[in-house]
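In what follows, a structure is listed as structure tokens, so that the remarks can point back to it.
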Amino acid sequence: MDVNRETTKAFTMNPDIAIVNYRSHHQSDFERLNRQWIEKYFWMEPIDQEVLQNPESHILATGGHIFMAEFQNQVVGTVALKWVSNQQYEFTKMAVEEKFQGLKIGYTLAKEAIEFCRKQKVEQIILYSNTRLAPAIKLYQKLGFYEVPLDGPYKRSNIKMQLDLNLSPA
């Protein structure tokens, strides 16, 4: 199997959902999906423009990873892992197209990202969000993330969360 096209269905019972590794042809979907939720709830920050238009240089080239979710062969979701250090990734740019929410696509993406970090022997995942996104916060808590003191580069963030992989169940 081509590692660049590797798919998984390990975290979902829905055979119509596949998680694939990001390829350059996914850039427009990565941007579209993230732009939709950012513009619906907040505003585009300059860093958003940079990352969404150039994920290969801002995420992949610096040691990160991006997953894309397909539902019935249509790209409907994404999540990125931004490399922070050998022991830490930032969970970022997670989005699921609105009409496909409720199908556990976000959960499936998150579980795949967490498992990727475990395989990389990463000890911790952090994320920045906003409490206005209550369903997302609830999902993160369900996955084992907990709130830590806020810092970081994002103006719209009012919460920082962390997942300690060496403490959470496999």
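Structure summary
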read-out: Verdict on L109 being closer than 25 Å to W43 by Cβ, without any contact (Cβ under 8 Å) to a residue 60 or more places away in the chain and of a type outside the set (G, A, S); value: no
read-out: Lone qualifier among E98, E45 - being within 18 Å of K155 (Cβ to Cβ), of a type in the set (D, E, K, R) and touching a residue at least 24 places away in the same chain (Cβ under 8 Å); value: E45
read-out: Set L139, L163, L103, L109: member being open to solvent by less than 90 Å² (accessible area, probe 1.4 Å), in a strand (DSSP E or B) and either under 24 Å from Y22 (Cβ atoms) or out of contact with any Cys (no Cβ under 9 Å at 6 or more places or on another chain) (or both); value: L163
read-out: Inter-residue pairs, beta-carbon under 7 Å, first closer than 23 Å to K121 by Cβ and in segment 150-166, second surrounded by fewer than 17 Cβ atoms within 10 Å (Cβ to Cβ) and among the hydroxyl-bearing types (S, T, Y), 6+ apart; value: M161/Y146; Q162/Y146
read-out: Among residues of segment 121-134, those that are of a type outside the set (D, E, K, R), open to solvent by 30 Å² or more (accessible area, probe 1.4 Å) and in contact (Cβ under 8 Å) with a residue 12 or more places away in the chain, counted; value: 3
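The values are calculated or read from the model by the stated rules, or taken from the named source; none is laboratory data. Bear in mind that the values here come from a model prediction, so they are computed numbers and not experimental data. Reconstructed Cβ throughout: ideal geometry from the backbone, glycine too, with neighbour counts over all protein chains shown. Just so you know, the surface numbers come from the protein's heavy atoms only, side chains and all, with ligands and any DNA or RNA stripped out. Shrake-Rupley method; radii C 1.70, N 1.55, O 1.52, S 1.80 Å.
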